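Engineer: Quick one: the structure is below, questions incoming.
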Amino acid sequence: MLGRLGLLVRIGPSTAKAGLALSMLTLSPEFAFPQAAPPVSLGVQSQPQQPPQPNQAPPPVREENPGLINEIGKLFEKSKSILPPLKSPGETMDDLNTSARDVGDSLSALTKPSLIVTGRVACLVAANGAPDCKVGADKLCQSKGYKEGKSLDTDAAEKCSPIVFVPGHKRGPNDCRTENFVTRAICQ
């Protein structure tokens, strides 16, 4: 008895309790989870069943066994209705081909012949006071024989009234303004 107590002291009380609980579960089969698997026969062959006779009642229908494997099977059956169906390889390839055609069309729009032109056209002032150089780029491209354009490079210059250059004149807030110009544009 003292040998066993010495073992418990060395192992520790929590480890001993866990071992005791584990041994109780392995010895009591009624606490185990039931499974829906058929019994395994180890080389023993059972005799063939005879067909039921008219006097005998048919064998009872087997009840559903709520084991872990059965519950996982139910989960997979439910997930089929929730998740979208998988596409066949042919449908997937058709979708990829359609996407590739769309990308090809977009790339062909980028490869249309375009030309970079230079010049100097003033940008309009937008309602918020910022320069709107899209109209200036279009005018620059139209002057070179193209339909429309996008600005690549701009320039800014300060334009002042002549009174600013008079000696002794103090510069006011409305004496000068900044003008923006498109100097290079890409035309299509």
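The values are calculated or read from the model by the stated rules, or taken from the named source; none is laboratory data. A quick note: this is a predicted structure, and the numbers were derived from the prediction, not measured. FYI the Cβ positions are ideal-geometry reconstructions off the backbone, even for glycines, and counts take in every protein chain you see. Just so you know, the surface numbers come from the protein's heavy atoms only, side chains and all, with ligands and any DNA or RNA stripped out. Shrake-Rupley method; radii C 1.70, N 1.55, O 1.52, S 1.80 Å.
For (1) among the polar types (S, T, N, Q); (2) closer than 30 Å to ARG184 by Cβ, each residue gets a yes or a no:
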residue: THR98; (1), (2): yes, no
residue: GLY104; (1), (2): no, yes
residue: ARG120; (1), (2): no, yes
residue: ASN128; (1), (2): yes, yes
residue: ALA157; (1), (2): no, yes
residue: PHE165; (1), (2): no, no
residue: HIS169; (1), (2): no, no
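Engineer: A further question on this structure: Hey, does region 95-116 have a residue that's touching a Ser or Thr at 6+ places or on another chain (Cβ under 8 Å) and part of a strand (DSSP E or B)?
Structural biologist: No, region 95-116 has no match at all.
Engineer: Separate question: Tell me, please, whether a residue that is at pLDDT 90 or above, in contact with a helix residue (DSSP H, G or I) (Cβ under 7 Å, 6 or more places away or on another chain), more than 12 Å from THR118 (Cβ to Cβ) and not basic (Lys, Arg) can be found in region 165-187.
Structural biologist: Yes, some residue in region 165-187 is at pLDDT 90 or above, in contact with a helix residue (DSSP H, G or I) (Cβ under 7 Å, 6 or more places away or on another chain), more than 12 Å from THR118 (Cβ to Cβ) and not basic (Lys, Arg).
Engineer: What's the number of the only condition in (1) of a type in the set (S, T, N, Q); (2) modelled with pLDDT under 90; (3) under 15 Å from GLN188 (Cβ atoms) that SER161 fails to meet?
Structural biologist: Every listed condition holds for SER161 apart from (3).
Engineer: Out of region 156-173, which residues are farther than 23 Å from CYS133 by Cα and open to solvent by 100 Å² or more (accessible area, probe 1.4 Å)?
Structural biologist: Residues satisfying the conditions are PRO162, PHE165, PRO167, LYS170, ARG171, PRO173.
Engineer: Please verify whether GLU148 is free of Cβ contacts under 8 Å to residues at least 40 places away in the same chain, open to solvent by 80 Å² or more (accessible area, probe 1.4 Å) and among the charged types (D, E, K, R), treating the condition exactly as stated.
Structural biologist: Taking the combined requirement at face value, the residue does not satisfy it.
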